[in-house]
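Structure first, commentary second.
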Amino acid sequence: MSNRSRLYTNKLMNSLVKRPWNYLVAFWQRGWLHKLTVIFVVLIALLIGSMYGIARWYMASQASKPLIVGTSFIPAYAESFGLDAQQTMDAFINDLGIRHFRLVSYWDQLEPSKGQYDFSLLDWQFEKAEKADAKVTLSLGLRQPRWPECHMPAWAQNEPVSVWQPQLQDFIAQVVNRYKDSPALDSYQVENEYFLKGFGVCTNFDRQRLVDEYNLVKKLDPYHKAIIARSNNALGWPVGDPQPDEFGISIYKRVWDAGVTKRYLEYPFPAWFYGFVGGIEKIATGKDLMIHELQAEAWPPNGQGIQETSLDEQNKSFNAERFTDRVEFGKATGMREIYLWGSEYWYYRLVKLNDPSLWNVAKETFEEL
């Protein structure tokens, strides 16, 4: 390079560096409002940079762990689609090759009359899991996955909390004692998104009740993990009691906003944001974070049921392309244990709507593990 070219290049580089800086200095000198704007922008940049740094650290710390992908399975939801629940679970095990299940123990189903327990529904699910050498994370308590969230039996609904809470603890004890020795049992989930007040027919959010239930489970079975799960849109700092063995989080990406916009809403959080949530929880509590519920089904508009919604409308919130993206999104969070939400819906589309698109994505997902 000639001296003339070198001088020109240096002059150009100095200009490119100085010009933005000169603009920034001039902007700063215009008045106090401009100074506040600069300070605000710098603080936001530092905040986002710090969050991203924590996310990257957490992702790196988890990268060596094996990836586990499973699904929630709720027989009553399968039956709401006109499916045979046992055939549905068989299809998950035999066709998709699923070996990790998140199961529920609804109080109103398993204790339909006070003191009269019927565990046949959950028994066959555990039997299928055991036969397939699958693992189960078992949901416990009053609030469990699927609407109306709080599954209180009719006989307890008019009782005061001082009466039904001990009855609920008796029920939880029955469930834990029945399944704690199953070779399929991997962990418990104590309640579900307990402090989420904006969704579900639930009225009791007393922290002490959650603490008491958690302590009961750990007393009855200290050998299996107990997990506390939160919603992705519920704010809070995870340093209060109870401190579980592990935290769970639900992640929903595309929902129908019935409150303000009356249209589909795509949550804007990137995958690394959830890596940040996992990282900050790890720093604050020393506990890991898992995805207990990753949306993998349609969210119909205007409170409609899926069966009342056309396939074209269902595809607006969830289709095969979104399914593939959703799985990759879950992996990109850095969390190494992911339970997909909506597997009964995939089977419904396969069997009832003759649409194998979601089933094929699920099959590819589990074959790659």
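Here is the figure for the range 57-80: residues that are within 20 Å of the chain's Cα centre (by Cα) and within 17 Å of residue 331 (Cα to Cα) total 11. Looking only at the range 189-232, residues that are modelled with pLDDT of 95 or more, hydroxyl-bearing (Ser, Thr, Tyr) and crowded, with 19+ Cβ neighbours inside 10 Å come to 1 in all.
Within the range 317-330, is there a residue that is in contact (Cβ under 8 Å) with a residue 60 or more places away in the chain, of a type in the set (Phe, Trp, Tyr) and under 20 Å from residue 61 (Cβ atoms)? Among the residues of the range 317-330, at least one is in contact (Cβ under 8 Å) with a residue 60 or more places away in the chain, of a type in the set (Phe, Trp, Tyr) and under 20 Å from residue 61 (Cβ atoms), which makes the answer yes. The set of residues in the range 307-322 that are among the hydrophobic types (A, V, I, L, M, F, W, C), closer than 15 Å to residue 340 by Cα and not in a loop (DSSP other than H, G, I, E, B) contains only 320.
Restricting attention to the range 126-135, the residues that are surrounded by fewer than 24 Cβ atoms within 10 Å (Cβ to Cβ) and either assigned to a strand (DSSP E or B) or in contact with a strand residue (DSSP E or B) (Cβ under 8 Å, 6 or more places away or on another chain) (or both) add up to 3.
If you check 310, 317 for being hydroxyl-bearing (Ser, Thr, Tyr), over 24 Å from residue 137 (Cβ atoms) and surrounded by fewer than 18 Cβ atoms within 10 Å (Cβ to Cβ), only one passes: 310.
Does at least one position in the range 174-185 carry a residue that is among the β-branched types (Val, Ile, Thr), crowded, with 20+ Cβ neighbours inside 10 Å and not in a loop (DSSP other than H, G, I, E, B)? Within the range 174-185, one or more residues are among the β-branched types (Val, Ile, Thr), crowded, with 20+ Cβ neighbours inside 10 Å and not in a loop (DSSP other than H, G, I, E, B).
Examine the range 297-310 for a residue that is free of Cβ contacts under 8 Å to residues at least 60 places away in the same chain and in contact with a Gly (Cβ under 6 Å, 6 or more places away or on another chain), and state whether such a residue exists. Yes, some residue in the range 297-310 is free of Cβ contacts under 8 Å to residues at least 60 places away in the same chain and in contact with a Gly (Cβ under 6 Å, 6 or more places away or on another chain).
Restricting attention to the range 203-258, the residues that are within 20 Å of the chain's Cα centre (by Cα), hydrophobic (A, V, I, L, M, F, W, C) and closer than 25 Å to residue 302 by Cα total 4.
If I filter the range 258-267 for residues that are of a type in the set (Phe, Trp, Tyr), modelled with pLDDT of 95 or more and under 24 Å from residue 338 (Cα atoms), do I get at least one hit? No, the range 258-267 has no match at all.
Of the residues making up the range 324-358, just one is surrounded by fewer than 24 Cβ atoms within 10 Å (Cβ to Cβ), closer than 19 Å to residue 79 by Cα and among the polar types (S, T, N, Q), namely 354. Of everything in the range 261-306 that's hydrophobic (A, V, I, L, M, F, W, C) and assigned to a strand (DSSP E or B), which residue is surrounded by the fewest Cβ atoms within 10 Å (Cβ to Cβ)? Checking each candidate, the answer is 265.
Consider residue 253 against the criteria (1) free of Cβ contacts under 8 Å to residues at least 60 places away in the same chain; (2) touching a helix residue (DSSP H, G or I) at 6+ places or on another chain (Cβ under 8 Å); (3) surrounded by 13 or more Cβ atoms within 10 Å (Cβ to Cβ); (4) not small (Gly, Ala, Ser): it satisfies all of them except one. Which criterion is unmet? Residue 253 satisfies all of (1) free of Cβ contacts under 8 Å to residues at least 60 places away in the same chain; (2) touching a helix residue (DSSP H, G or I) at 6+ places or on another chain (Cβ under 8 Å); (3) surrounded by 13 or more Cβ atoms within 10 Å (Cβ to Cβ); (4) not small (Gly, Ala, Ser) except (1).
Scanning the range 59-105 for residues that are of a type in the set (Lys, Arg) and closer than 25 Å to residue 298 by Cβ yields a single hit, 102.
With respect to the conditions (1) of a type in the set (Phe, Trp, Tyr); (2) under 24 Å from residue 202 (Cα atoms); (3) more than 19 Å from the chain's Cα centre (by Cα), residue 92 falls short on a single one, namely (2). Can you find even one residue in the range 233-241 that is among the polar types (S, T, N, Q), in a helix (DSSP H, G or I) and surrounded by 14 or more Cβ atoms within 10 Å (Cβ to Cβ)? Among the residues of the range 233-241, not one is among the polar types (S, T, N, Q), in a helix (DSSP H, G or I) and surrounded by 14 or more Cβ atoms within 10 Å (Cβ to Cβ), which makes the answer no. Residue 84 fulfils the conditions (1) free of Cβ contacts under 8 Å to residues at least 12 places away in the same chain; (2) within 23 Å of residue 248 (Cβ to Cβ) except for a single criterion, (2).
When every residue of the range 195-204 is checked against the conditions, at least one turns out to be assigned to a loop (DSSP other than H, G, I, E, B), free of Cβ contacts under 8 Å to residues at least 60 places away in the same chain and in contact with a Ser or Thr (Cβ under 6 Å, 6 or more places away or on another chain).
Summed over the range 323-361, residues that are of a type outside the set (Ser, Thr, Tyr) and in a loop (DSSP other than H, G, I, E, B) total 9.
The values are calculated or read from the model by the stated rules, or taken from the named source; none is laboratory data. As the structure is a prediction and not an experimental result, all values here were calculated from the model. Using ideal geometry, Cβ is built from the backbone for each residue, glycine included, and neighbour counts are taken over all protein chains shown.
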